[in-house]
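Okay, so here's the structure we're looking at.
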Amino acid sequence: EEPLEVRVGGRALAVTMRTPGSDVELVHGFLLTEGVIGGRGDVAVARYCDGVDEWGRNTYNVLDVTLAEGVAAPAPGVERNFYTTSSCGVCGKAALEAVRVKTRFSPAGDSVVVEAATLAGLPGVLREKQKVFGSTGGLHAAGLFTADGDVLVVREDVGRHNAVDKVLGWALQQELVPLRNTILLVSGRVSFELVQKAAMAGVPVLAAVSAPSSLAVELAEEQGMTLVGFLRGDTMNLYSGDERVR
C-alpha cells in the first residue's frame, strides 16, 4: 500500500492509497468514472513526475495527466479535500452533489442475457487469477468477463475501488468502453461507489461474492443495471435487473 497523487495538467486532483502497479490504468479508470474523460483519445500524455525519496530516486507515486486538446478540465466537485483511503473511493468529495455522477454510457439499454451457470463459475476463475492475494491474503480483485464467461482482464489492489478503476482503465485503453455485453465481478461487497463506477463505463452486469449496500441496490435499479450478490457455489441473490439472468 502506497499513496498515488493524481494530477491533471500539473494540478493536484486526488491522492489515493493503492497497491503499486497498473497505475496508468488506475488513473484512466479514475478519470473515466469521475466523468472527466470518455475515451482513450481524451488523454494526451500520462507520466510519472516529481515523486522522489530522500536519495532523489523516483518513487513513482505521482502521476500527471495531460488532457487532449478540447477536453474540459475536471469540474471542482471532482477534487478531493483529503486523501482517498484504500477502503473508500468517494471519501473527500468536495460536494455531496458530486457523489452522483451522470454516465454518458448508460447500461439500461443493454439486452445481454447471462446464464446463471456462467455466473456461478466466475468466482473460481477470479480466484485463480489473484496471484498477489494467493501469497498475501490481503488484496481485493476485480475481473471483467464476456457474457459467455471468458475472462478479459483481472486486476488486484488493496482498495476494491482501485481494482475496479484498473480494470475499467484497461478497458478504456483497449477502446472497449462502453462495456456492452460484459460482466464485472468484484471479490468483496458492493458499495454505492462500485455501482457508480460500473455505470460510468456502461457495464450491464455487476456481480459480487458478498453483499451489496442498500444504496448500491438503489443506484443499480436507477441505472438499469443487473446487480448480483452473494455469488457463491451454485447460488446467488439477484437485486436488480433479473431479466438478464437465465
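Bear in mind that the values in this text are calculations on the coordinates, not laboratory data. Note that the structure is predicted; figures quoted are calculated from it, not measured. When we count neighbours, we look across all protein chains shown, and the Cβ atoms used for this are built from the backbone with ideal geometry, even at glycine.
Take segment 116-234, compute every pairwise Cα distance, and split them into 5 Å bins from 0; I just need the percent in each bin.
Cα pair-distance distribution for segment 116-234, in percent: 2, 13, 25, 26, 22, 9, 2, 0.
Given Cα pairs under 8 Å that are at least 6 residues apart, what percent is the relative contact order of the chain?
Reported as a whole number, the value is 20 percent.
Could you order the peptides 219-229, 65-75, 159-169 from most to least packed, using the average number of other C-beta atoms within 10 Å per residue?
159-169, 219-229, 65-75
Can you say what percent of the DSSP beta bridges in the chain, counting only those with both residues inside, are antiparallel? Round to 5.
Once the DSSP bridges in the chain are tallied, antiparallel ones form about 65 percent.
Under a point-charge model restricted to the Cβ atoms of Lys and Arg (+1) and Asp and Glu (-1), what is the dipole moment magnitude of the chain relative to its Cα centre, in debye to the nearest 20?
Here the size comes out at about 100 debye.
If each DSSP helix of 4+ residues adds -39,500 (n - 2.57) and the sum is divided by the residues in the chain, what number results at 222 nm, nearest 500 deg cm²/dmol?
-8000 deg cm²/dmol
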